Structure formats: C-alpha cells, structure tokens
1. Once every DSSP H run of n ≥ 4 in chain A is given -39500 (n - 2.57) and the sum is divided by its residues, what mean residue ellipticity at 222 nm do you get, rounded to the nearest 500 deg cm²/dmol?
2. Could you give the angle, 0 to 90 degrees to the nearest 10, between helix A:91-113's Cα long axis and the longest principal axis of the Cα atoms of chain A?
3. Springs between alpha-carbon atoms under 10 Å, Gaussian network over chain B: tell me which of B:P76, B:P92, B:P47 tops the mean-square fluctuations.
4. Any idea of the accessible area per residue across chain A, 1.4 Å probe, to the nearest Å²?
5. Which value, in Å to one decimal place, does the Kirkwood hydrodynamic radius take for the protein assembly as shown when every pair of different Cα atoms is included?
6. Roll a 1.4 Å probe over the protein heavy atoms and report the accessible area of A:K70 in Å², nearest 10.
7. At 1.4 Å probe size, with the rest of the protein present, what percent of the exposed accessible area of the protein assembly as shown is carbon and sulfur atoms?
8. Normalising by the residue count of chain A, find the relative contact order in percent from Cα pairs under 8 Å and 6+ residues apart.
Protein chains: 2
Amino acid sequence: MGIDMQPELCKVDDALGILVGKWKPIILLILLQEGTKRFSDLKRSVPGITQKMLTKQLRELEEEDIITRKVYAQVPPKVEYSISEYGKSLEPILVAMHEWGTAHTLHKTKKLQQ
Amino acid sequence: MGIDMQPELCKVDDALGILVGKWKPIILLILLQEGTKRFSDLKRSVPGITQKMLTKQLRELEEEDIITRKVYAQVPPKVEYSISEYGKSLEPILVAMHEWGTAHTLHKTKKLQQ
DNA sequence: TGGTATAGTATACTAAATGATACTAATGGA
DNA sequence: TCCATTAGTATCATTTAGTATACTATACCA
C-alpha cells in the first residue's frame, strides 16, 4: 500500500461511521443523483423506511455537514434536503463501493456455479 | 455522477456489509500492511478485541473469500490468516476511506475553531 | 505433577440499531 | 365541517451487535 494507513488511528472508521446504516448509502445516492429532494420525496424513494428512521438518518448526515436542510415557513411544511459541497467529497468512496459491490455480485454468482 | 448507480439495487451495501463492524477495517488494514498473521498476533495487534469477536470477524471475512485461513496440524494449534487475492480488491475502498477520514478530521477541527 | 501456550467454543449478558404504531399542527379544499 | 397534506415526535417492542467470562484439548517443559 503506497499510503501509510496506521491502523491504530483508524481513519477508515470515520468514513464508515458516516456511511453505515441500513439507509444512509441509498439516501446519499439519491441526493447525489437526483439533487434536492423534499422529505416526502425521499420517503417515497426509499421504500420501506419509516419516518423515524428517515428523520434520524437525515439529522445525522446534517450533523456531519454531509447534507443541507432548508425549511420553508409554510403550511403544510416543506423541507428540502441536498448534498453539501463537502458531502460531494464522499462520492469517490460511494463510486468505489458501488463498483466493488457489482463485481462482488459476479464473484458470488461464479462461486455458486462451481 | 458518470456511472449509473441505481439506488434501488444498492450495491454499495455489499461492500459496506463486508467492511462494517467495530473490528473489520482494522483487521483488514493489518493483514494488508503486515501480511500473514497468526490468530494470537492479530489478537495482540487489535487491542481490546475478545477472542470471540476476533473469531467471528475472521470467519465472516473468510466466508466472503476476503481472507484465507491456513491451519497447521500441530499442538499447540497454529492458524495463519492472510488477505486473499480477491480481498486485495478492497484496497482502493479502504484507501479512499482512509484519505477521506483524514480530511474529515481536519474539517471537524476547523468547525470547532470557528 | 503441574503450569504454559494456542485457537478456539459456550453461555449469559448489555447496548445499540431498527421497527411499528400512534400522535401533532395549521391550512386549503370539498 | 371534515378530510388530506407535510414533516415531523413519542413510545414501546424487537432485532442485531458487541462484551465478559469461563471452559476445552494436547503437547512441551520444569
């Protein structure tokens, strides 16, 4: 490995901590690919997620400056979420994971065929 | 994003599923950087991990073909673990995460100073 | 004879993540 | 007047992840 990744100060965990969870990757992918979304749009885009979970994941991502939350003072409420500039820096990781995941599916398929 | 990462079939979760856990990243980093290791060496290299957890993580990584387990028929037992060829394909992800994690630490430091 | 070493397993437990369901406020429209 | 809409919160139950501790077999060595 070209880079020295001192395991004892495992920086990998920082990235992992932000990406991990049953819902965060898909939320980030949707916001990256489709841009700004309302809460209810996200809920529709992530089938099976509960309001509580969506709220929690969004709050955590906002806390880390990965996404931006914009509230409109109107009734019924309107809240928009989008990836922050800083959040875009996660894209290479998500892309690398997606590519690996795709190859991994093939790998597992081959194993089954043996 | 250049690549189409259809969120509905979230491949990112595959990579995440393998990397996630309190101990897997550090185990992988150690094996990547230091090569083959015995069980007891790994236990010493990962302070705080219990035998049960180390065993469990290693079994899961082996199950996914990420690492290789070699048992020597001798007493006291000797078992060696190393990264498989396939496991090495995770390296770009770990590197990307490590780089991001390092930058993220700086980002958080700056935020605190504001 | 009894202690040390290795790579585990077994059992019981706590803590964290996730899920299900019900509830809220204020407005516009039928 | 009543219902739908939106972006949540509150409460409780369940599932999963992780921890603590004790136990095992066998050979070697003092």
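1. So the calculated ellipticity at 222 nm is -17000 deg cm²/dmol.
2. 50 degrees
3. The residue that fluctuates most here is B:P76.
4. Working: 6210 Å² over 114 residues.
On a per-residue basis, 55 Å².
5. It is 19.2 Å.
6. 110 Å²
7. Working: 6610 of 12460 Å².
Whole-percent figure for carbon plus sulfur exposure: 53.
8. Details: 79 pairs, mean separation 25.8, N = 114.
For chain A, the relative contact order is 23 percent.
The values are calculated or read from the model by the stated rules, or taken from the named source; none is laboratory data. None of these values were measured; they are calculated from a predicted model. Cβ coordinates were reconstructed from backbone atoms using ideal geometry, including for glycine residues, and neighbour counts include every protein chain displayed. In case anyone asks, the SASA skips ligands and DNA or RNA and just uses the protein heavy atoms, side chains included. Shrake-Rupley method; radii C 1.70, N 1.55, O 1.52, S 1.80 Å.
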